[in-house]
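The structure appears below as structure tokens.
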Amino acid sequence: MNPSRIIIDTDPGVDDALTFLFALASPEIQLEALTTVCGNIGIEKTTRNALAVLELAHASHIPVARGCALPLVSTLGKAGEAVHGTSGIGEASLPEPKSQPIHQHAIDYLIERILAEPGEITLFTIGPMTNLALAIRKEPRIVPSLKELIIMGGAIRQGGNVTPLAEFNVHADPHAAHIVFHAGIPITLIPLDVTYKCLLTSADVERLNRIDSPIARFVRDATATYMDFYRKYESFDGCALHDPLTIAAIIAPELLTFEEHHVDVDISGGVGNGNTFADFMNVAKKPANMKVALDVRGREFVELFIERMESLCRAGL
Ligand code: RIB
Ligand code: CA
């Protein structure tokens, strides 16, 4: 079977970086490009981190297009730094990348690539959806041309991680999420309901570091801050593989349990701003707008993640 051709829109971000490596370690996937956005950290650092992590994995042939530096309406908060560190990749230290982003803006790059090959590209958004929302507004024809959209974002029955009701990616740009949710794209949503069941432990990281590999050391150093945050605030010795779980929608969908629902997002600006909710009773009589993952075999996913990362490390990168 031909690999799925994917583009990842991203705000690296520790778990974003793990996602690129996981995609590169998975033969079912062909990672075609990264488009960066502000989110966990500012656009300069998310773009630098994207280039640096690709360089670490000897994948600098993959283009990086720089995207939006601000959300549509909200202002960029600092919540991401507490989790991902001021560098955006925890305590990891990667050399300044030799490669540069392409000249084209992420919005224009997404439009060009999606229109050029209708039905071929699967887009992953694992940060705020600002770039995609503006691409939809600039060129609505990308909606029927996109094969599928896989979103890490939202919290359906689960509470939020940045407010009691809202998940970080949606809360950072709720207006962008609203545009994307209602555009008519075939969406698969990977919310906190499932990502919090996919916990990477320090023992998993130690197991990976039995391999003498710069990528194993990167995973250890990048997740150190992330794990400190979880120990301190969520009393868990590990961290949630939020973004990497999106890859399972392609390589191991059997690990996920999906339901079709109409999902919306609160953009009223009040206490529930950025809250995502499913109309489980279909009281609004609106058709489902996405496939939502509401359960996962979490430990099996983490084992798959580690196995794939071990194979990448053994490849001598
Ligand atoms: O809520 C989790 C999401 O917020 C992940 O994408 C993580 O990278 C942060 O951006
Ligand atoms: Ca992210």
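The values are calculated or read from the model by the stated rules, or taken from the named source; none is laboratory data. All of these numbers come straight from a predicted model, not from anything done at the bench. When we count neighbours, we look across all protein chains shown, and the Cβ atoms used for this are built from the backbone with ideal geometry, even at glycine.
Select from segment 51-62 the residues that are surrounded by fewer than 18 Cβ atoms within 10 Å (Cβ to Cβ) and either in contact with a strand residue (DSSP E or B) (Cβ under 8 Å, 6 or more places away or on another chain) or within 25 Å of Ile111 (Cβ to Cβ) (or both) and list them in ascending order.
If the condition is that a residue be surrounded by fewer than 18 Cβ atoms within 10 Å (Cβ to Cβ) and either in contact with a strand residue (DSSP E or B) (Cβ under 8 Å, 6 or more places away or on another chain) or within 25 Å of Ile111 (Cβ to Cβ) (or both), then Ala59, Ser60, His61 are the ones that fit.
Within segment 17-50, work out how many residues are under 20 Å from Glu112 (Cβ atoms) and buried (at least 22 other Cβ atoms within 10 Å of the Cβ).
7
Which ones in segment 145-171 are of a type in the set (D, E, K, R) and within 11 Å of ligand 1 (Cβ to nearest atom)?
Glu167
Being part of a loop (DSSP other than H, G, I, E, B) and either within 13 Å of ligand 1 (Cβ to nearest atom) or under 24 Å from Ser93 (Cβ atoms) (or both) is the filter here, so list the residues in segment 9-38 that pass it.
Across segment 9-38, the qualifying residues are Asp11, Pro12, Gly13, Ala25, Val37, Cys38.
Name the residues in segment 250-264 that are surrounded by 18 or more Cβ atoms within 10 Å (Cβ to Cβ) and of a type in the set (D, E, K, R), would you?
Asp264
Which residue out of Ile215, Ile247, Ile267 is buried (at least 17 other Cβ atoms within 10 Å of the Cβ), of a type in the set (A, V, I, L, M) and within 16 Å of ligand 2 (Cβ to nearest atom)?
Ile247
When you look at Glu44, is it over 25 Å from Glu310 (Cβ atoms), within 14 Å of ligand 1 (Cβ to nearest atom) and in a helix (DSSP H, G or I), yes or no?
So Glu44 does not fit the description; no.
Assess whether Glu300 counts as being of a type in the set (Asp, Glu) and either loosely packed, with under 13 Cβ neighbours inside 10 Å or touching a helix residue (DSSP H, G or I) at 6+ places or on another chain (Cβ under 6 Å) (or both).
So Glu300 fits the description; yes.
Condition first: more than 22 Å from Glu112 (Cβ to Cβ) and modelled with pLDDT of 95 or more. Can you find one or more residues in segment 59-68 that meet it?
no
What is the one condition in (1) polar (S, T, N, Q); (2) surrounded by fewer than 24 Cβ atoms within 10 Å (Cβ to Cβ); (3) under 15 Å from Ile126 (Cβ atoms) that Ser4 does not satisfy?
Failing condition for Ser4: (3).
Given (1) among the hydroxyl-bearing types (Ser, Thr, Tyr); (2) out of contact with any Ser or Thr (no Cβ under 9 Å at 6 or more places or on another chain); (3) over 25 Å from Thr130 (Cα atoms), where does Thr223 come up short, assuming only one miss?
All conditions are met except number (2).
Pick from Gly67, Gly13: which is crowded, with 24+ Cβ neighbours inside 10 Å, on the phi > 0 side of the Ramachandran plot, within 14 Å of ligand 2 (Cβ to nearest atom) and of a type outside the set (Phe, Trp, Tyr)?
Among Gly67, Gly13, only Gly13 is crowded, with 24+ Cβ neighbours inside 10 Å, on the phi > 0 side of the Ramachandran plot, within 14 Å of ligand 2 (Cβ to nearest atom) and of a type outside the set (Phe, Trp, Tyr).
Given the conditions (1) closer than 19 Å to Gly77 by Cβ; (2) within 13 Å of ligand 1 (Cβ to nearest atom), and given that His178 satisfies all but one, which numbered condition is not satisfied?
(2)
Where residues in segment 160-184 are aliphatic (A, V, I, L, M) and within 13 Å of Val263 (Cα to Cα), which of them is surrounded by the fewest Cβ atoms within 10 Å (Cβ to Cβ)?
Within segment 160-184, the match that is surrounded by the fewest Cβ atoms within 10 Å (Cβ to Cβ) is Ala183.
Here's a check for you: in segment 229-248, which residue that is assigned to a helix (DSSP H, G or I) and within 16 Å of ligand 1 (Cβ to nearest atom) is nearest to the chain's Cα centre (by Cα)?
Here the answer is Thr246.
Please name all residue pairs, on different chains or six or more residues apart, with Cβ atoms under 7 Å, provided the first residue is in segment 146-160 and is without any contact (Cβ under 8 Å) to a residue 60 or more places away in the chain and the second residue is aliphatic (A, V, I, L, M) and within 11 Å of ligand 1 (Cβ to nearest atom).
Pairs that qualify, where the first residue is without any contact (Cβ under 8 Å) to a residue 60 or more places away in the chain and the partner is aliphatic (A, V, I, L, M) and within 11 Å of ligand 1 (Cβ to nearest atom), are Gln158/Leu192.
Restricting the search to segment 34-65, which residues are of a type outside the set (Val, Ile, Thr), within 26 Å of Glu167 (Cβ to Cβ) and touching a helix residue (DSSP H, G or I) at 6+ places or on another chain (Cβ under 7 Å)?
The answer is Leu34, Cys38, Gly39, Asn40, Asn49, Ala65.
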